Amino acid sequence: MDHQRFDELVKVIATESTRRQFLRRTLGMGLGSAAAAMVVHGGEAARRGYSGPKLPVATSTPPPDPCAGVNCDPPGPCYLSGTCSSISGTCVFTMKECGECMVCGDSGACEPIVCDAPPDPRCYATPGYCDAGTCRYTRIDCEALPV
């Protein structure tokens, strides 16, 4: 662009509109021409048969079952048979229910809870007693005992 045409352009910008109006028009023309170029380019691609990137084709084969071949035999006599988790493929076991003050023994039979571990054997009488599944102990006078 020569200096005379540049001077004429600057005079038009300065006299006929504000800078904000000029920028709006200029940006509008630029965005409009960019959009038109994209439409023309997209139309040309469609005319040639290009429809975009190829998407992966879904396979009809289901994912493998993580529980196939998993045996969930109980690990001990206090467990019920387990179920296989379809997410992780590992067995989940449930403990045998024995009751409030009972526990499953080594043989798998329910046995009473034995309360023989007080918090401080010098200050609590043993054996304790089971109350709603929790061992309780009777407090004794431990201040009279030697330290």
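All of the numbers you see were taken from the coordinates with simple rules; none came from a lab. What you see is a predicted model; the values in this text were computed from it and never measured. Glycine also receives a Cβ, built like all others from the backbone with ideal geometry; neighbour counts cover every protein chain displayed.
Remarks
- Order of Ile140, Ile87 under a 10 Å beta carbon neighbour criterion, fewest first: Ile87, Ile140
- As a proxy for reagent exposure, Cys110, Cys84 were ordered by neighbouring Cβ count within 10 angstrom, fewest first; the result is Cys110, Cys84.
- Take the Cα of Asp141, step 7 Å toward its Cβ, do the same at Cys101, and the gap between the two points is 2.8 nm.
- Note on the range 97-138: Rg/Rh from Cα positions, Kirkwood definition for Rh, rounded to two decimals, is 1.05.
- Sequence-distant residues sharing a close amide H with Tyr79 (under 5 Å, placed H): Lys96
- For Val103, the residues whose amide H sits under 5 Å from its own are Glu111, Ile113, ignoring neighbours fewer than 5 places away on the same chain, with H placed 1.01 Å from N.
- Gyration tensor (alpha-carbon) shape descriptor, the range 65-147, a/c threshold 1.5: prolate
- Between Asp131 and Leu55, the contour length at 0.36 nm per residue exceeds the alpha carbon distance by 20.9 nm.
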